[in-house]
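This report refers to the structure that appears directly beneath it.
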Amino acid sequence: MSNPLRPQPGALSRREALRLFSLPGVFAGCALSAAAASAQTAQTVTGTPAAAQPLPRIVSVNGAMTEIVYALGAGAQLAGTDTTSLFPPAALATPKVGYMRQLSAEGLLSLRPDAVIGTTEAGPSVVMDQIRGAGVKVELVEADHSWGELQRKVAVAGRATSRSAQAALLQARLDAEWAGVLARVARHAGRKPRAIFVLSHAASPQVAGSQTAAHAVLGHAGFVNAFAPPGQAAAFAGYRPMTAEALVGAAPDVLITTTQGLQASGGLEKFWSRPGLELTPAYRNRALLVFDALYLLGFGPRMPHAVAELHQALLKLPRVAA
């Protein structure tokens, strides 16, 4: 199955970008920040400072986890990252260990990490076992597409970098932001546009069903996943190929995709030319929302901002029946 967080080459032209149905993000340009923590130092019995102890060297194999490490002020502790680690820009300059699902024990261990952190999506499992066997601590958070997943990521990153106090402060701030976003969405609970998330990073586009990050984010922002509405027995889990028949039956009010996917599709006109789309309400209104994959689906520290921006886009859509 394609992963929406895997980076893709290419860039949108200015003309294409201007034609997108897009909205200024209510949190556009909002950068994460965290106060840098001083290195811990050992103390002798008499209280005389001893030599500073080196902080743990970390390899992060998850883009959101990497963001959290930087938000904790621990970016200098990153010995390496995977190829989904694209934000903040400093992460691009870190040594890369490959795609998180296709890791190599040899390449990763060559960076001499004290710990490897990521989610249960990292693998193959035999590689993770080899890394543990080499004496490196491995902490993988269950990827269940919940707010709890983000909380566990923050806690793991805090422990791995020896910055648990900073992690607690970061989590408190994120929890407050998240509560505010959910309250805002709840105030407009009567609006439930039918949405489809299209993953088009490869030649054959796919659509998201239940048990996906896209499904969870759509629900948090106030949308109904047209391929997995509540109580529908025919709903499916995971991703399936996008077919014309399925699109017509789903009748989405809006389509949501990623900037990487739109680039891989060949641009806006090629995206809309896929069979079946011309018979949907979304096509009639040209209702297409485009977000960076890691920003929207990463379940990282920017998640409250991403869901708030997606919900703001919902409010600008033509009204649909409740």
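Taken together, the values in this text are just the output of simple stated rules run on the coordinates, not laboratory data. Predicted, not measured: the structure shown is a model, and the values here were computed from it. So basically every Cβ, Gly included, is an ideal-geometry build from the backbone, and we count neighbours across all protein chains shown.
Condition check ((1) more than 24 Å from residue 305 (Cβ to Cβ); (2) crowded, with 21+ Cβ neighbours inside 10 Å) across all residues:
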{"position": "189", "(1), (2)": "no, no"}
{"position": "203", "(1), (2)": "yes, no"}
{"position": "214", "(1), (2)": "no, yes"}
{"position": "217", "(1), (2)": "no, yes"}
{"position": "222", "(1), (2)": "no, yes"}
{"position": "226", "(1), (2)": "yes, yes"}
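For the range 283-294, a residue qualifies if it is under 19 Å from residue 271 (Cβ atoms) and not small (Gly, Ala, Ser), and the qualifying residues are 283, 284, 285, 286, 288, 289, 290, 291, 292. Scanning the range 146-167 for residues that are surrounded by 22 or more Cβ atoms within 10 Å (Cβ to Cβ), of a type in the set (Lys, Arg) and assigned to a helix (DSSP H, G or I) returns a single hit, 153. Taken over the range 75-95, the criterion of being surrounded by fewer than 23 Cβ atoms within 10 Å (Cβ to Cβ) and closer than 21 Å to residue 299 by Cβ is satisfied by 75, 83, 86, 87, 88, 89, 90, 91, 92, 94. Summed over the range 219-243, residues that are outside any loop (DSSP other than H, G, I, E, B) and free of Cβ contacts under 8 Å to residues at least 60 places away in the same chain total 6. Inside the range 239-262, residues that are under 23 Å from residue 303 (Cα atoms) and in contact with a strand residue (DSSP E or B) (Cβ under 8 Å, 6 or more places away or on another chain) make up a count of 9. Comparison of 172, 176, 143, 183 shows that the only residue that is surrounded by fewer than 18 Cβ atoms within 10 Å (Cβ to Cβ) and under 30 Å from residue 288 (Cβ atoms) is 183. Taking the listed residues 112, 101, the one that is on the phi > 0 side of the Ramachandran plot and part of a loop (DSSP other than H, G, I, E, B) is 112, with no other qualifying.
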